[in-house]
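The values are calculated or read from the model by the stated rules, or taken from the named source; none is laboratory data. All values reported here derive from a predicted model rather than from experimental measurement. Neighbour counts are summed over all protein chains in view; Cβ atoms, including those assigned to glycine, are modelled from backbone coordinates with ideal geometry. Heads up: the accessible areas ignore ligands, DNA and RNA and are worked out on the full protein's heavy atoms, side chains in. Shrake-Rupley method; radii C 1.70, N 1.55, O 1.52, S 1.80 Å.
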Amino acid sequence: MKKIVVLTGAGISAESGLKTFRDSDGLWEGYNIEDVATPEAWRRNPAMVQQFYNERRKSVIEAKPNAAHYALAKLEEKYDVTIITQNIDDLHERGGSTNVVHLHGIITRSQSGKNAALTYPIDGWEIKMGDLCELGSQLRAHVVWFGEDVPMIEKAARICMQADIFILVGSSLAVYPAAGLIDYVPRNTTRYIVDPNIPYISQNGSFVKIKDKATTGVVTLVESLLAGISN
């Protein structure tokens, strides 16, 4: 069974109504990134940061997987599929994918403020100030902030090295170290990119470019792959 590795970015979640992490104006839901997505922001104003992620979590819970999420799950009928996502939502899982690696955490879980490896399910959409982990530290969203380590990046790199087919969906390749994962894909691997705005890729190995939004481009590509058409 051939190994398909899919790297997804904000573009696939945007079609489910979730705002992209960084819009063209540099803001996320009207906030400067450094005010809501850094350890310094948490130290300055933990209540505001907590409320920001509570609201994002509520939006994620209310959102539904789209046709691209469901199509990627269908690939498991004929392929060994691993999805590596930059997104902090759980739409891939709810769309039916069974092997998902979250590079930047998943907002539907909380984590210890002292030890990021201690994570917990959340009952509902809200983490309250005063909710503590087993170490007595305030719980926060299980999300990797700027300036923090990306603990899953080495695992993701190893997965990319095993790809027989590689698919990039909805990522501008602007956020590192995630953007560097394409450099681990073997040269002889068949590669596809699905995005209405194809990013510049300065590396060896050509991509089959599908200049389309995820809900149509991914669906068409998956249909071809399931039919045994890989080029």
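Pairs linking a residue in the stretch 45-69 that is farther than 14 Å from I122 by Cβ to a residue that is part of a loop (DSSP other than H, G, I, E, B) and charged (D, E, K, R), with Cβ atoms under 7 Å and 6 or more positions apart or on different chains, are A63/D89; N66/E15; A68/E15.
Going by the conditions given, is L135 within 22 Å of V218 (Cα to Cα), among the aliphatic types (A, V, I, L, M) and part of a loop (DSSP other than H, G, I, E, B)? Spell out how you get there, then give the answer.
Working: within 22 Å of V218 (Cα to Cα): no; among the aliphatic types (A, V, I, L, M): yes; part of a loop (DSSP other than H, G, I, E, B): yes.
So L135 fails the test.
For L91, the criteria (1) modelled with pLDDT under 95; (2) under 16 Å from V219 (Cβ atoms) hold in every case but one, which is (1). For I88, are the conditions met, namely being open to solvent by less than 60 Å² (accessible area, probe 1.4 Å) and assigned to a strand (DSSP E or B)? No. Sub-6 Å Cβ pairs linking a first residue in the stretch 174-200 that is open to solvent by 70 Å² or more (accessible area, probe 1.4 Å) to a second residue that is not in a loop (DSSP other than H, G, I, E, B), at least 6 apart or interchain, are Y184/A157; Y184/C160; Y184/M161, ordered by first then second residue. In this entry, V6 is excluded by the filter for residues that are outside any loop (DSSP other than H, G, I, E, B), over 30 Å from N188 (Cβ atoms), open to solvent by less than 40 Å² (accessible area, probe 1.4 Å) and touching a Leu at 6+ places or on another chain (Cβ under 9 Å). Applying a threshold of 9 Å to beta carbon distances and a minimum spacing of six or more residues, or different chains, the list of pairs starting in the stretch 78-102 at a residue that is within 27 Å of W28 (Cβ to Cβ) and ending at one that is among the acidic types (D, E) reads S97/E76; V100/D90; V100/E93; H102/D90. Scanning the stretch 204-225 for residues being modelled with pLDDT of 95 or more, over 22 Å from the mean Cα position of the chain (by Cα) and farther than 10 Å from Y192 by Cβ gives a total of 1.
Evaluate the stretch 213-229: report whether one residue or more is touching a His at 6+ places or on another chain (Cβ under 8 Å) and not polar (S, T, N, Q).
For the stretch 213-229, residues touching a His at 6+ places or on another chain (Cβ under 8 Å) and not polar (S, T, N, Q): absent.
Listed by first and then second residue, the pairs with beta-carbon distance under 8 Å, at least 6 apart or on different chains, first residue in the stretch 1-27 and closer than 19 Å to A67 by Cβ, second modelled with pLDDT under 75 and open to solvent by 50 Å² or more (accessible area, probe 1.4 Å), are A10/F21; A10/R22. For the stretch 91-129, a residue qualifies if it is in a loop (DSSP other than H, G, I, E, B), of a type outside the set (A, V, I, L, M) and open to solvent by 30 Å² or more (accessible area, probe 1.4 Å), and the qualifying residues are G96, T98, N99, G113, K114, N115, D123, G124, W125, E126, K128.
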